[in-house]
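J.: Take this structure, written in structure tokens, and hold onto it; I'll ask about it next.
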Amino acid sequence: MTNQLPEPLNIDEYARSAATCLPQMVYDYYEGGAEDEVSVLENRRAWQRMALKPRVLVDVRQRDLTTTVLGQQIAFPILTAPCGFNALAHPDGELAVARAATAAGTIQVVSTAATYSLEEVAAAAPNGIRWFQLYCYRDRGITRSLVERAAAAGYRALCLTVDAPFVGRRERDIRNRFGLPPGLRWKNLEAHGFDKMDAGGDGSALKKYIENIWDAGLTWEAVEWLRDLSPLPLVLKGILTAEDARLAVAHGARGIVVSNHGGRQLDGAVSTASVLREIVEAVAGQAEVYVDGGIRRGTDVMKALALGARAVLIGRPYLWGLAVDGEVGVARVLELLRAELDLSMGLSGMPTLASISHNTVTAHG
């Protein structure tokens, strides 16, 4: 452990320990959201407002948490979400996450905004399963290059973030004048000259960076372009309506991540838990549906599965683990959530993921 606090027993304790490890600017970048951070809070509260309906007198001596995601078998239905600049939390950054996720038997989704190149991350855990998260640049040649590199490095899917034409008003970042310290870069953009985002300027360097090079005119045409550009399956991250879910399927998406970007984009947007079921119904089995946002307990994972998600993605929790204890901390966070899900299934009379259904969850009241 890199601090003197007792070993955390849950994700909230990891978050509190991380707050003692990280510089204020970094902690605020990871923890913060847009404007009043209403959506950050609501993401979590929405899971807490749901109640589980356990069954009894079921043989739960053995539980099976394995599942498949886009045809790839994983040990449990929890993926690591694409979070930027992991090396702000720990020098090993995305490399540590790659090793921990691979050892745990799950999928790492690697961000375009990684502090190690996508090739370096792949080399850190050659036997791992990973997806590459994309932002679409005004210069389509940059995006094409990233897609080709991801395929060459053995990534199994492309995950296009669709809810970020601009960066949300993240007031913590503005106040802290957020940027990257010396030595850290957008490593994936080094060859294109867009790797620098230095701290210390006026306001948020991230906001200025995004406004200069991301494509705010992105439409469904870009989804078709990406679908035709690469044989890798395409996942769209940032869907919050049934209408957009149907359009995603119509334009060839193989997967959808129900996400409001962790409350970091449009403050006041609906929570992911509140719209998950209607999106699952709209997709009607034509694509896999995943969800992120506010998941802090194994019971939250179980509720998401009951609402129809194939798997969940976690972001802040593994960053807290990374900050506290590097690769070991990430591994511990994944194991905590896996063990909590396993126990919740046993206590609910659900020995397999397939036994979890919409009847497993209800609204509090």
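None of the figures in this text is laboratory data; all of them are computed from the coordinates on show. All figures in this text were calculated on a predicted structure; none of them were measured in a lab. Please note: Cβ atoms are built from the backbone with ideal geometry, for glycine as well, and neighbour counts cover all protein chains shown.
J.: Please list the non-local residues whose amide H lies under 5 Å from the amide H of Lys237, H modeled 1.01 Å from N, same-chain partners needing a gap of 5 or more.
T.: HN-HN under 5 Å from Lys237: Leu160, Thr161, Val162, Val257.
J.: Kindly provide the helix-only [θ] at 222 nm of the chain, computed as the sum of -39,500 (n - 2.57) over DSSP H runs of four or more divided by all residues, to the nearest 500 deg cm²/dmol?
T.: -12500 deg cm²/dmol
J.: Now for a separate question. With the Cα gyration tensor of segment 80-191 giving a ≥ b ≥ c as the square roots of its eigenvalues, does the rule (a/c under 1.5 for rounded; else a/b larger than b/c for prolate; else oblate) give rounded, prolate or oblate?
T.: Judged from the Cα gyration tensor, segment 80-191 comes out oblate (a/c at least 1.5, b/c at or above a/b).
J.: While we're here: Counting only C-alpha contacts under 8 Å and six or more residues apart, can you give the relative contact order of the chain as a whole percent?
T.: The value is 27 percent.
J.: Can you tell me how segment 46-88 classifies by the Cα gyration tensor, rounded, prolate or oblate, using a/c under 1.5 as the rounded cut?
T.: Details: a/c = 3.01, a/b = 1.53, b/c = 1.97.
In terms of gyration-tensor shape, oblate.
J.: Once Lys and Arg get +1 and Asp and Glu get -1 on their Cβ, which of Thr352, Leu322, Pro182 lies farthest toward the positive end of the dipole of the chain?
T.: Farthest towards the positive pole: Thr352.
J.: Using +1 at the Cβ of each Lys and Arg and -1 at the Cβ of each Asp and Glu in segment 56-207, identify which of Ala96, Thr161, Leu146 lies farthest towards the dipole's positive end.
T.: Looking along the dipole axis, the top candidate is Thr161.
J.: Now a separate question. Just how far, in whole angstrom, is segment 299-324 from segment 13-59 if you go by their alpha carbon centroids?
T.: That distance is 10 Å.
J.: Output ³J(HN,Hα) for segment 114-128: one whole-Hz value per residue in order, computed from phi by the Karplus curve 6.51 cos²θ - 1.76 cosθ + 1.60 with θ = phi - 60°, and x for Gly and Pro.
T.: Here the 3J(HN,Hα) series is 6, 8, 10, 5, 4, 5, 5, 5, 4, 5, 5, 8, x, 8, x Hz.
J.: Asn359 to Glu190: extension gain in nm, 0.36 nm per residue of separation minus the Cα-Cα distance?
T.: So the chain would gain 55.9 nm between Asn359 and Glu190.
J.: Okay, moving on. Quick one: what Rg and Dmax do you get for the chain from the alpha carbons, in Å?
T.: Considering the chain through its Cα atoms, Rg and Dmax are 19.3, 62 Å.
J.: To the nearest 20 debye, what is the magnitude of the charge dipole of segment 1-157 about its Cα centre, counting +1 on the Cβ of each Lys and Arg and -1 on the Cβ of each Asp and Glu?
T.: 680 debye
J.: Something else about it: Which cross-chain or sequence-distant (5 or more) residues have an amide H under 5 Å from the amide H of Trp131, H modelled 1.01 Å from N in plane?
T.: Result for Trp131 returns Gln108, Val109, Val110, Arg156.
J.: To the nearest 20 Debye, how big is the dipole of segment 200-298 about its Cα centre, given +1 on the beta carbon of each Lys and Arg and -1 on that of each Asp and Glu?
T.: So the dipole magnitude of segment 200-298 works out to roughly 420 debye.
J.: Rounded to the nearest 20 Debye, what is the dipole magnitude of the chain about its Cα centre when Lys and Arg each give +1 and Asp and Glu each give -1 at the C-beta? Write down the numbers at each step before the final one.
T.: Details: 38 positive and 42 negative charges, 99 e Å.
With Lys and Arg at +1 and Asp and Glu at -1, about 480 debye.
J.: Counting other beta carbons within 10 Å of each residue's own, what order do Met345, Met25 fall into, fewest first?
T.: Ascending Cβ contact count within 10 Å gives the list Met25, Met345.
J.: Related question: Sequence gap of 8 or more, or different chains, plus Cα separation below 17 Å: how many lysine pairs satisfy both in the chain?
T.: 4
J.: Report, in whole Å, the centroid distance computed from the Cα atoms of segment 115-194 and segment 67-93.
T.: Spelled out, the Cα-based centre of one part sits 14 Å from the other.
J.: Sticking with this one: In a Gaussian network model over the chain where Cα atoms closer than 10 Å are linked, find which of Ala113, Ala273, Ala75 has the largest mean-square fluctuation.
T.: Ala75
J.: Still on this structure, please answer the following. Shape verdict for segment 246-365, please, from the Cα gyration tensor: rounded (a/c under 1.5), prolate (a/b greater than b/c) or oblate.
T.: The shape class here is oblate.
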